[in-house]
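All remarks here apply to the structure that follows.
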């Protein structure tokens, strides 16, 4: 694959083509999971953070690495462990004997794409160091505040099993992830193809960037310009507000979730070659954007109710604005 040339193309077609190139690059490594790779790409261009939760060996880290390798961005990988300190993530001031002054040594968060492997193995103290980084794209040190380069995206992984030595992510941190995705096991055809190719890490190593850093920045800005009508803004707000009023929910989605859902819907529209958002853009993304932010009541958990089913019931009850219409 080669870098996409921007010259001679309109804004809408270049975004849709660039988006398709990125998804194709991911699909060459993560076989048979186009629905997941599309969601991951949407998360990137919405400049949101992505949490990948699934069983070992299904490709969580491979997807994160493939995203980083497919874009001309600076990527860093952090293998989280229980003994890590916050400064191992953000960096620290070190005294320089020659200059007789403290110098800041950047931690691995100073990059564009940060791959956080098994993020739930870090202690709450270390996880808290990511809160400012993920929300404000900056690191506060003893001597001042340092801005992180843009775009800045955290791609984190965690396993839902093997919980010994892990710490559950707090709600405040979960709320900072734009999406939470599960890859799932491949179907028979995809796994058979995987065996035929016989490639593992070599597939990722062979990837070349299909988008430059400049193009990624342009596409992020382009997606933000997609028209979101007043009726669609009210629809997004109504869906999110309905999660707070649902009888099975103890803690509903925050206003941050409304902003995240709106940004993701704009990217979804741009990927479809449209310059405006439709209700189906919102409905397609709501489950991935909202479910991980909900805390269910004890009674709902006893009944084995899932956050995803709550989001689906909300979508079924909130009135969809009349369409077509962009007013």
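The values are calculated or read from the model by the stated rules, or taken from the named source; none is laboratory data. Please read these numbers as outputs of a predicted model, since none were measured by experiment. A quick note on method: Cβ atoms are made from the backbone with ideal geometry, for glycine too, and the neighbour counts reach across all protein chains shown.
Some observations on this one:
- Taking the conditions (1) outside any strand (DSSP E or B); (2) surrounded by fewer than 19 Cβ atoms within 10 Å (Cβ to Cβ) in turn, residue 250 satisfies each one other than (1).
- Qualifying residue in segment 135-155 (condition: assigned to a helix (DSSP H, G or I) and buried (at least 20 other Cβ atoms within 10 Å of the Cβ)): no
- Extreme residue, nearest to residue 177 (Cα to Cα), among residues of segment 273-300 that are in contact with a helix residue (DSSP H, G or I) (Cβ under 7 Å, 6 or more places away or on another chain), surrounded by fewer than 20 Cβ atoms within 10 Å (Cβ to Cβ) and touching a residue at least 60 places away in the same chain (Cβ under 8 Å): 291
- Cross-chain or 6+ apart pairs with Cβ under 9 Å, segment 178-203 first and at positive phi and surrounded by fewer than 17 Cβ atoms within 10 Å (Cβ to Cβ), then in a loop (DSSP other than H, G, I, E, B) and modelled with pLDDT of 80 or more: 184/33; 184/54; 184/55; 184/58
- In a residue-by-residue description of segment 207-218, the property of being crowded, with 19+ Cβ neighbours inside 10 Å and assigned to a helix (DSSP H, G or I) applies to at least one position.
- Looking across 3, 31, one residue alone is surrounded by fewer than 24 Cβ atoms within 10 Å (Cβ to Cβ), at pLDDT below 85 and over 18 Å from the mean Cα position of the chain (by Cα). It is 3.
- Conditions (1) surrounded by 14 or more Cβ atoms within 10 Å (Cβ to Cβ); (2) part of a loop (DSSP other than H, G, I, E, B); (3) in contact with a helix residue (DSSP H, G or I) (Cβ under 8 Å, 6 or more places away or on another chain); number of the one not met by residue 168: (1)
- Screening segment 79-129 for strands (runs of 3 or more DSSP E) wholly inside it with 3 or more residues that are under 26 Å from residue 211 (Cβ atoms) and touching a helix residue (DSSP H, G or I) at 6+ places or on another chain (Cβ under 9 Å) returns the ranges 113-117.
- The sole residue among 255, 321 that is farther than 18 Å from residue 180 by Cβ, surrounded by fewer than 23 Cβ atoms within 10 Å (Cβ to Cβ) and under 18 Å from the mean Cα position of the chain (by Cα) is 255.
- Taken over segment 304-315, the criterion of being without any contact (Cβ under 8 Å) to a residue 24 or more places away in the chain and farther than 17 Å from residue 288 by Cβ is satisfied by 304 alone.
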